[in-house]
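Okay, structure first, notes after.
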Amino acid sequence: MKTRHSLLLCTLVAGVAACNKPASQAPQQEQAAAGATVVKIGTANPLTGPFAHWGRDADNGVKLAVQEANAEKLTLDGKPVTFEVVSEDDQADPKVATQVAQRMVDAKVAGIVGHLTSGAAIPASRIYADASIPMISGSVTSPSFTQQGYHNTFRLIANDLQQGQALAKYAVDKLGAKRVAIIDDRTTYGQGLADDFAKSAEQAGAKVVKREFTTNTATDFMAVLTSIKGEKPDLLFYGGMDAQAGPMVKQMAKLGIKAAFMGADGVNTPEFAKLGGDSAEGSYASSAGAPKEKLPGYGEFSQKYKQQFQSDIQAYAPYTYDAAKVLIGAMKRAGSAQPAKYLPEIAKTDYQGVTGPVKFDAKGDIQNATVSLYQLKQGKWVGL
């Protein structure tokens, strides 16, 4: 039911590739590493199920950052260190996420990158807060994540309120949408995003003519789409992920629904284009960050990522890479991997990452958050 992956990323030396075996199976000479102390960095993502492509992508970003950190041969607390990535599958499930969080605490991880989804991250964050373990997410967009008053919680991207406002403004002002239908998947992420979009769209002058919901495991949307079709909306907004959005646009086309389709960062992936096929063409979505082509280090990072993992970036690998870099950077400034010593340094972060400048406000949100908008053209997301 649950899988656990513990990956020791070994320092690269001439003629030796990065180690991709569990720590328990690593050769003795690698484990010894001149007597290095092992510093564990945890990351929790859905590694199985319909969102596994997101989870593996986020997991890979952390692995790449740690591999580079190990190449630096750092010394912390007066001793040489080797960083180990402890990867867990939270299945994007809130209950499983809390179990994963407790295992991370028991494993004495020094910091957490994740969890991927808002629904998993928010309940898990309480457990990390109780243990005073720093937690940085490169993907959680629910405003609630940083509104809980926890001193250890940070994020690197814009939140759903900011995305909902930007998407609604574009839908009304640029697309001329007057009649809007909304579907959400009832998750913390999807419902919260849909609520924010609905409020902003009405404030901009549109009318929400139908509000429906589904689940984040559904594949048949004919009933809710049929009820929406009769309202003749100009635009259908979906609060949810690509695994549902792809089949949804196909079924919209089958029913002859002519409304424009719009989602947020959960839809802005190559997977949506693949799942939706021709029916996805012309769809709109957002990204809770600057456009990829404007991210200062995206080009170089993308090349490194593809070379290392033989795949293209799905979405959040650059952000989880930066999140891991921020954790390790704070440790370097503090000279320690002990959470009590390096946590204060995270709040002081002033880092130029591949995703742009990283500074946090008093809540732990990224300062000067950016939302970018895209349209799918010829199977590729193109910035607007």
To the nearest 500 deg cm²/dmol, what mean residue ellipticity at 222 nm is calculated for the chain from DSSP H runs of n ≥ 4 alone, each contributing -39,500 (n - 2.57), summed and divided by the residues?
-11500 deg cm²/dmol
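Just check region 216-365 against the gyration tensor rule for me: Cα atoms, a ≥ b ≥ c as the square roots of the eigenvalues, rounded for a/c under 1.5, and otherwise prolate or oblate depending on whether a/b exceeds b/c.
prolate
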If you take the square roots of the eigenvalues of the alpha-carbon gyration tensor of region 54-112 and sort them as a ≥ b ≥ c, do you get rounded (a/c under 1.5), prolate (a/b over b/c) or oblate?
oblate
Aspartates and glutamates whose Cα lies under 17 Å from that of Lys79, excluding same-chain neighbours fewer than 8 positions away:
Glu30
When you count, for each residue, the other Cβ atoms within 10 Å and take the mean per peptide, how do 126-132, 294-300 rank with the highest first?
126-132, 294-300
Compare Asp278, Asp173, Asp160 by solvent-accessible area with a 1.4 Å probe and give them largest first, with all protein chains kept in place.
Asp278, Asp173, Asp160
Mind checking which of Ile183, Ala52, Val39 is farthest towards the positive end of the chain's charge dipole, using Cβ charges of +1 (Lys, Arg) and -1 (Asp, Glu) about the Cα centre?
Ile183
Carbon/sulfur accessible area of region 41-195, % of total, 1.4 Å probe, equals 49 percent
State in Å² the accessible area per residue of the chain; use a 1.4 Å probe, count heavy atoms of protein chains only, and round to the nearest integer.
41 Å²
Could you size up the charge dipole of region 168-254 around its Cα centre, putting +1 on the beta carbon of Lys and Arg and -1 on that of Asp and Glu, and report it in debye to the nearest 20?
360 debye
HN-Hα J in Hz across region 192-203 - Karplus 6.51, -1.76, 1.60, θ = phi - 60°, x for Gly and Pro:
x, 5, 4, 4, 5, 5, 4, 4, 5, 5, 5, 5
To the nearest 20 Debye, how big is the dipole of region 157-303 about its Cα centre, given +1 on the beta carbon of each Lys and Arg and -1 on that of each Asp and Glu?
560 debye
Sequence of Lys292, Lys73, Lys108, Lys306 when ordered by accessible area, the most exposed leading, probe 1.4 angstrom:
Lys108, Lys73, Lys306, Lys292
Take His151, His115 and sort them by solvent-accessible surface of the protein heavy atoms, 1.4 Å probe, largest at the top.
His151, His115
Does region 133-214 classify as rounded, prolate or oblate by the C-alpha gyration tensor (a ≥ b ≥ c root eigenvalues; a/c under 1.5 gives rounded; else a/b over b/c gives prolate, otherwise oblate)?
prolate
Would you mind working out the magnitude of the charge dipole of the chain relative to its Cα centre, with +1 at each Lys and Arg C-beta and -1 at each Asp and Glu C-beta, to the nearest 20 Debye?
260 debye
Could you tell me which of Met135, Asn368, Ala280 has its Cα farthest along the dipole of the chain towards the positive end, charges placed at Cβ (Lys, Arg +1; Asp, Glu -1), taken about the Cα centre?
Ala280
Would you mind putting 314-321, 377-384 in packing order, based on average other-beta-carbon counts within 10 Å, highest first?
314-321, 377-384
With DNA, RNA and ligands ignored, accessible area of Val38 (1.4 Å probe; Å², nearest 10):
70 Å²
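The values are calculated or read from the model by the stated rules, or taken from the named source; none is laboratory data. Note that the structure is predicted; figures quoted are calculated from it, not measured. Note that we place each Cβ from the backbone using ideal geometry, even for glycine, and neighbour counts take in every protein chain shown. With ligands, DNA and RNA removed, areas are computed over all heavy atoms of the protein, side chains included. Shrake-Rupley method; radii C 1.70, N 1.55, O 1.52, S 1.80 Å.
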